[in-house]
Amino acid sequence: MTDPNKFRFSIDRGGTFTDIYAETPKGPRVLKLLSENPDHYPDAPLEGIRRIIREVTHHESKDTPSIEWIRMGTTVATNALLERKGARTALIITKGFGDLLRIGKQNRPGIFDLKIIKPEPLYEAVVEIDERVHPAQKLEDSSQSGVKILRSPDRETVRHQLQDMRRQGIESLAIALMHATLFPDHELLIAQEAVELGFQNISLSSEVIPRARLVDRGHTTCLEAYLNPHIQNYLEGFRAGFADHDTDLFVMQSDGGLVDADSFTGSRAIFSGPAGGVVGNARTTRATPVIGFDMGGTSTDVSRFDGSYEWQFESEVRKIPNLVPQLNIHTVAAGGGSRLLFENGMFQVGPLSSGAWPGPACYRNGGPLSLTDANLVLGRIVPEQFPNLFGENEDQPLSVSASQRAFTALMENMPSQTGQSIEETAYGFVEVANENMARAIHEITASRGYDARDHILSSFGGAGGQHACAIARALGISKIFISRFAGVLSA
């Protein structure tokens, strides 16, 4: 039973905008802020909560311990991974397998490419532990059914190896040993030594993802170790902004479930924000086949629901395997902040993004030309209906003139498009973005045996709704649902 005298906050912290819905003692409130605005506040969700409480009670949040709970979907983990801003991590693995994750499974997505460029691993150091167990069937010398211990790790040696990691400045450990899912004792032994040496961030593969296949299990454990410190530091800083540190803080996981902030981990956080959209579609459409279309500031996320959730039990994030179950969400780098470029005689939308800061040109921060600018000059975004968040005092509307100037500058370097108007050029970029988004919908429907025409296309209002309508026409989808409420919150 909720307390009518307390505040309850539901927050979506996206890459560009942070949207807040609050239940307050004086009725509901909504607020939209730029996710990054370093000249005015250090953290958008915290600032939004403070502003709403101040508006309702005329007190700062630190002086008002009246928050019942906070529920948040966040891109903190996703951004840390994309920008490679995670913790300094070391991989702890069985001796002789130090190169295993670099070697990987020898997959070749581009089988005709002469030059294969592999992504850099998340870990920067490797420690090989002289230990080995072997699957067996109730052997006489087995320590437990199904496992034969060939070598146990020497504690003293392990201690020296971990001390060397401390001296190198390693912050986080990813421990992934051979057959640890059958016999986790050696991982636990190493973790005990690490705790005694002062390591606070330790991820065990036997706990993170207790499944066979060391390559994928090792990658998933490294992902966890790499992101956990960044996530926990953010959440601790967020909680520190309130006088009542015991406020219930729940965070959305990639599988669509809410967990206590203390249980929120890196490998389960990649689709924290978009998963909320899938759950929202599921709750509102029930068994009706629906395509969820969530066009944000940095990317567009599409999903499908027809009465039951669609899951991914194996996925890749920036070519890093992740075995943690998550909702099936297809993401393309086409959002309001996607940069518009003219290269090799072609229009290009993304994957580079202007982000929340400086943002598109129309944000008045000197940012680059972006998809939002195209929608603005075409009249698909009406400045009077958009929150006044821009300028030095965060009180000015979007600048149409800034968008037009940015298009004029781009068109000076487009000799093949001579004679086109700004509107025609902007529409060309919008068409390219629509094609990218339509391709994402094709991936979750036709490529898996479903006919997109049998679905409702559910989208947010604003410019996202405009794109959704164009895409629906191109795909032959006749049923479209545009959320008016979300249109208030979404760019």
message: I'm told residue 313 meets every condition in (1) in contact (Cβ under 8 Å) with a residue 40 or more places away in the chain; (2) over 16 Å from the mean Cα position of the chain (by Cα) except one. Can you identify the failing condition by its number?
response: (1)
query: Any chance region 406-414 includes a residue that's modelled with pLDDT of 90 or more and either closer than 27 Å to residue 328 by Cβ or among the polar types (S, T, N, Q) (or both)?
result: yes
message: Being touching a His at 6+ places or on another chain (Cβ under 9 Å), under 18 Å from residue 348 (Cβ atoms) and in a helix (DSSP H, G or I) narrows it down to one residue among 406, 438, 433; which is it?
response: 433
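In this structure, does residue 170 turn out to be hydrophobic (A, V, I, L, M, F, W, C), modelled with pLDDT of 85 or more and surrounded by 12 or more Cβ atoms within 10 Å (Cβ to Cβ)?
On the way: hydrophobic (A, V, I, L, M, F, W, C): yes; modelled with pLDDT of 85 or more: yes; surrounded by 12 or more Cβ atoms within 10 Å (Cβ to Cβ): yes.
Judged against the criteria, residue 170 is a match.
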statement: Matching residues in region 288-331 (open to solvent by less than 20 Å² (accessible area, probe 1.4 Å), in a loop (DSSP other than H, G, I, E, B) and farther than 14 Å from residue 267 by Cβ) number 1
From the options 239, 217, residue that is free of Cβ contacts under 8 Å to residues at least 24 places away in the same chain and among the basic types (Lys, Arg): 239
- line: Restricting region 355-373 to residues that are free of Cβ contacts under 8 Å to residues at least 40 places away in the same chain and assigned to a loop (DSSP other than H, G, I, E, B), the one nearest to residue 446 (Cα to Cα) turns out to be 368
task: Tell me which residues, restricted to region 170-192, are farther than 26 Å from residue 86 by Cα and either touching a strand residue (DSSP E or B) at 6+ places or on another chain (Cβ under 6 Å) or of a type in the set (A, V, I, L, M, F, W, C) (or both).
output: 179, 182, 183
query: For the subset of region 243-264 comprising residues that are out of contact with any helix residue (DSSP H, G or I) (no Cβ under 8 Å at 6 or more places or on another chain) and part of a loop (DSSP other than H, G, I, E, B), which member is most open to solvent (accessible area, probe 1.4 Å)?
result: 246
statement: Only one of 340, 352, 376 is outside any helix (DSSP H, G or I) and open to solvent by less than 30 Å² (accessible area, probe 1.4 Å), namely 340
In region 11-32, the residues that are assigned to a strand (DSSP E or B), surrounded by 17 or more Cβ atoms within 10 Å (Cβ to Cβ) and either in contact (Cβ under 8 Å) with a residue 60 or more places away in the chain or of a type in the set (Ser, Thr, Tyr) (or both): 11, 12, 13, 17, 18, 19, 21, 24, 32
message: Would you confirm whether or not region 179-194 contains a residue that is without any contact (Cβ under 8 Å) to a residue 40 or more places away in the chain, of a type in the set (Val, Ile, Thr) and surrounded by 15 or more Cβ atoms within 10 Å (Cβ to Cβ)?
response: yes
statement: Of those in region 137-158 that are surrounded by 15 or more Cβ atoms within 10 Å (Cβ to Cβ) and at pLDDT 80 or above, the residue nearest to the chain's Cα centre (by Cα) is 158
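The values are calculated or read from the model by the stated rules, or taken from the named source; none is laboratory data. Just so we're clear, the structure is a prediction, and the values are computed from it rather than from any experiment. Heads up, the Cβs are rebuilt from the backbone with ideal geometry, glycines too, and the neighbour counts pull from every protein chain shown. Just the protein is used for accessible areas: all its heavy atoms, side chains included, with ligands, DNA and RNA removed. Shrake-Rupley method; radii C 1.70, N 1.55, O 1.52, S 1.80 Å.
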